[in-house]
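What follows is a set of notes on a single structure, which appears directly below.
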Amino acid sequence: MTFSNLFFTLDAWFIAPFRWVAPAHMGFLVGTFVLALQSLLVGHLCLLLLNKVQRRLRDKYDVEVDQRQRLSLQAIAAQNKTAYLAQNDLAQEAYGRSMSLAMGRICASLWSAVMALAWMKSRFSDAPFPIPLWFSDKPINLSYAVVFIFFYICIRIIFNRMEAQFAKQSELKALT
Amino acid sequence: MHKPRKFITFSVIGLALMALSLTFVWAEDTKVTPTTDPVAVEAPAQPADPAAVASDAAVPATEAPAPTVDASAPAADASAQAVVPPTVEAAAKPQFAAKGNKLERAIAGAPQGTGKGQIDPGKPAGFLGIPGGPNVNVVLALLWAVWVGWIFSTVGAFGGVMAGVGHMSVFGFGSYAGSFKQTAPDLGKTITDSIKASNQFLVGLSAAISSFNYLKMKRLVLPLALSLGAGSLLGAWGAAALSAGKLDFKSYQGYFGLFVLALGCWLLYETTPAGQSKKKTAKEAAKAFEDNAKKMKNGEHVDSANAGLHINKFSMTTCEFTFFGVPFRFNPAIPFLGGIVISAVAAFLGVGGGFLLVPFLTSVTQLPMYLAAGTSALAVLVSMITSIATLIMKGTPIDWMLIGLELVGVAIGSVIGPMTSQYFSDVTLKRIFIVLAFYVGVGYLLAGFFGVKIPGV
């Protein structure tokens, strides 16, 4: 399978929401919003899956990082600079391992958004989105990427708040 | 953090509902399109043969650039375009390329034909939508990205190098760019810039994660980060702006080879008795303190008034700060100059500068490793963003699809890496990568500067 085939398979699926609303402007906004939402949900599901797979290893690394950090603080409190730097060195190694897991999580969370951008590029790279300005006759032309990233960030903020709210509620329920 | 089961259910249901609603619209689309434009419907059945539909597919694309309301959403105004594969549109671009973007102009300037260094419009669109360009197999790209992710999670810096090797050698973009050296140098240089930007993307993402995490841990020395960041910004912008569109692939390959060779030497030093003893001493010191801390009944208590990082003085020539009460000082001009040089080199080669910045900071500013790593991560991030943004603003095309797929692979690789690394010792892993670094480094150096090719590179 090549990239052409992959794009071809997904094209009809992605383009559909762009025609839900008749005016071209609105259709573009609705389509981009739905695409951003889809990519965020797919990315988030991958992230949850990866979290589940990584949990044991992640806990182990986090404990090690915490332990090294605690010891380095104890060393610096004792004004023992040699021990402090040595602990830092080991903490850095532990942190590097923990970071590699974080790298995987971010990749799992973002790949769908990058793919969505790739698809938008093929469809809208030659079509700027004009925003009229009150002080000028000439509109400002936004690229498809700006509109997508704007929606993606907005949805992400709302989504994260909702997630935090869900977590809070379930914690409260568990306590009562 | 523990994820509530309810939230997972909510996400799955949300996605399923969206999928269901889209399925209906999708079904409607495939029903409607045949009556509106049969050419567009036939096109998906032959995605590998864009020539047949090129003339029809090119029409909407040529009309699109006009900044009018109608042009803003080409997909929304014509259902006839619904199932035309995007790559078909891309393949058609050379025919109207003279007025298009940088890549289109470069393609238009290339001679047409079937020989080496020529563009054959009849061939399927490949890398960056260029007809006849390397068409990377998705499975191969994914497997290579898994390998890159595995290296990222076991050896660190070498992951970025391997990503570069994938782009240049495994996927064949390098030899393709090199084939235009005589016939269409502009096209070759544009492809080279694209390879460079793709290499930087993965490294930049890794730096972004580190910066964010270090920032949360309050391990950033802000004045130092600003000084280093300003230097990095200047260096990265200068190198990217000066080299964009001017560097042919052979020269880039040669310089990249030199960098890989230097990295190999650095890895080799770490496995030598001198490099190992340094690490051993640090481990012994850490162990001794750990044992001592266990013996202490009450332990040492951290004075909460001194906790964290405190900047005491910051001027053009001096920055003084304390970290948990221990004083540190440095001259801000030194990291600024260091940032310029290191970031310029990193941006020129399309690699991260983290592995150079950390030793630079620890040796010049005497910063503890924790702070040096955190601060350098921010500088690498600034450098990467500047460099990629400069390349994009100069019209360098980026294959986002390939990068998206690489992110999937790196995610998988980063899971496999820590699980398998327990079966290899640190030194064994490093020795494997030293051999690889020397082979790739010498290979690229010979191919780039002397035109001598060794197998597999």
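Quick one: which residue in A:A116, A:A108 is among the hydrophobic types (A, V, I, L, M, F, W, C), more than 7 Å from every other protein chain (Cβ to nearest Cβ) and surrounded by 15 or more Cβ atoms within 10 Å (Cβ to Cβ)?
A:A116
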Taking the stretch A:1-13 and keeping residues part of a helix (DSSP H, G or I) and either at pLDDT 90 or above or facing chain B (nearest Cβ under 7 Å) (or both) leaves A:F3, A:S4, A:N5, A:L6, A:F7, A:F8, A:D11, A:A12, A:W13
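Restrict the check to the stretch A:156-167 and report whether at least one residue is without any contact (Cβ under 8 Å) to a residue 12 or more places away in the chain, farther than 30 Å from B:E104 by Cα and either touching a Ser or Thr at 6+ places or on another chain (Cβ under 8 Å) or in a loop (DSSP other than H, G, I, E, B) (or both). Spell out the reasoning first.
First, pick out the residues of the stretch A:156-167 that are without any contact (Cβ under 8 Å) to a residue 12 or more places away in the chain: A:157-158, A:160-167.
Restricting the remaining residues to those that are farther than 30 Å from B:E104 by Cα gives A:157-158, A:160-167.
Subset that is either touching a Ser or Thr at 6+ places or on another chain (Cβ under 8 Å) or in a loop (DSSP other than H, G, I, E, B) (or both): none.
There is no residue in the stretch A:156-167 that is without any contact (Cβ under 8 Å) to a residue 12 or more places away in the chain, farther than 30 Å from B:E104 by Cα and either touching a Ser or Thr at 6+ places or on another chain (Cβ under 8 Å) or in a loop (DSSP other than H, G, I, E, B) (or both).
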Selection from the stretch A:85-102 of residues more than 7 Å from chain B (Cβ to nearest Cβ) and modelled with pLDDT under 75 yields A:E93, A:Y95
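Please determine whether any residue of the stretch A:64-80 is touching a helix residue (DSSP H, G or I) at 6+ places or on another chain (Cβ under 6 Å), more than 7 Å from chain B (Cβ to nearest Cβ), under 30 Å from A:V42 (Cα atoms) and among the aliphatic types (A, V, I, L, M). Lay out the reasoning, then the answer.
Pass one, the stretch A:64-80, residues touching a helix residue (DSSP H, G or I) at 6+ places or on another chain (Cβ under 6 Å): A:64-65, A:68-69, A:71-72, A:74-76.
Of the ones still in play, those that are also more than 7 Å from chain B (Cβ to nearest Cβ) are A:64-65, A:68-69, A:72.
Subsequent filtering for residues that are under 30 Å from A:V42 (Cα atoms) retains none.
No, every residue in the stretch A:64-80 fails to be touching a helix residue (DSSP H, G or I) at 6+ places or on another chain (Cβ under 6 Å), more than 7 Å from chain B (Cβ to nearest Cβ), under 30 Å from A:V42 (Cα atoms) and among the aliphatic types (A, V, I, L, M).
When you check B:V326 against the structure, is it at pLDDT 80 or above, over 14 Å from B:G229 (Cα atoms) and surrounded by fewer than 22 Cβ atoms within 10 Å (Cβ to Cβ), yes or no?
Numbers: at pLDDT 80 or above: no; over 14 Å from B:G229 (Cα atoms): yes; surrounded by fewer than 22 Cβ atoms within 10 Å (Cβ to Cβ): yes.
When the stated conditions are applied, B:V326 does not pass them.
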Reported set for the stretch B:177-190 where residues are farther than 15 Å from B:G448 by Cβ and part of a helix (DSSP H, G or I) is B:P185, B:D186, B:L187, B:T190
Given the conditions (1) over 30 Å from B:Q276 (Cβ atoms); (2) modelled with pLDDT under 80, every one holds for B:V364 apart from (1)
If we ask which residues in the stretch B:413-431 are surrounded by 16 or more Cβ atoms within 10 Å (Cβ to Cβ) and more than 8 Å from chain A (Cβ to nearest Cβ), their number turns out to be 4
The number of residues in the stretch A:139-155 that are free of Cβ contacts under 8 Å to residues at least 24 places away in the same chain and in contact with a strand residue (DSSP E or B) (Cβ under 9 Å, 6 or more places away or on another chain) is 7
In the stretch B:384-402, residues that are in a helix (DSSP H, G or I), within 12 Å of chain A (Cβ to nearest Cβ) and buried (at least 23 other Cβ atoms within 10 Å of the Cβ) total 2
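Pick from A:Q69, A:Q87, A:Q79, A:Q74: which is more than 30 Å from the chain's Cα centre (by Cα) and surrounded by fewer than 19 Cβ atoms within 10 Å (Cβ to Cβ)?
Just one listed residue meets the conditions, A:Q79.
Condition check ((1) surrounded by 23 or more Cβ atoms within 10 Å (Cβ to Cβ); (2) touching a Ser or Thr at 6+ places or on another chain (Cβ under 6 Å); (3) at pLDDT 80 or above; (4) over 26 Å from B:S251 (Cβ atoms)) across all residues:
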| residue | (1), (2), (3), (4) |
| --- | --- |
| B:I130 | yes, no, yes, no |
| B:V146 | no, no, yes, yes |
| B:H167 | yes, yes, yes, no |
| B:V203 | yes, no, no, no |
| B:L215 | no, no, no, yes |
Selection from the stretch B:387-413 of residues of a type in the set (S, T, N, Q) and modelled with pLDDT of 80 or more yields B:T396
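Return yes when B:T318 is β-branched (V, I, T), modelled with pLDDT of 75 or more and closer than 18 Å to A:Q79 by Cβ and no when it is not.
The answer is no for B:T318.
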Residue hits (the stretch B:279-303; at pLDDT 70 or above and more than 9 Å from every other protein chain (Cβ to nearest Cβ)) are B:K280, B:D291
Note: among B:A230, B:A288, B:A239, just one is in contact with a Phe, Trp or Tyr (Cβ under 7 Å, 6 or more places away or on another chain), more than 26 Å from B:I151 (Cα to Cα) and surrounded by fewer than 19 Cβ atoms within 10 Å (Cβ to Cβ), namely B:A230
When every residue in the stretch A:130-155 that is among the aliphatic types (A, V, I, L, M) and assigned to a helix (DSSP H, G or I) is compared, the one nearest to A:G27 (Cα to Cα) is A:V147
When A:A36 is run through (1) in contact (Cβ under 8 Å) with a residue 24 or more places away in the chain; (2) at the interface with another protein chain (Cβ under 7 Å from one of its Cβ atoms); (3) of a type in the set (G, A, S); (4) under 30 Å from B:W150 (Cα atoms), the failure sits at (2)
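The values are calculated or read from the model by the stated rules, or taken from the named source; none is laboratory data. Worth saying up front: this structure is predicted, and the values here are computed from it rather than measured. Because the Cβ atoms are built from the backbone with ideal geometry, glycine has one as well, and the counts that use them run over all protein chains shown.
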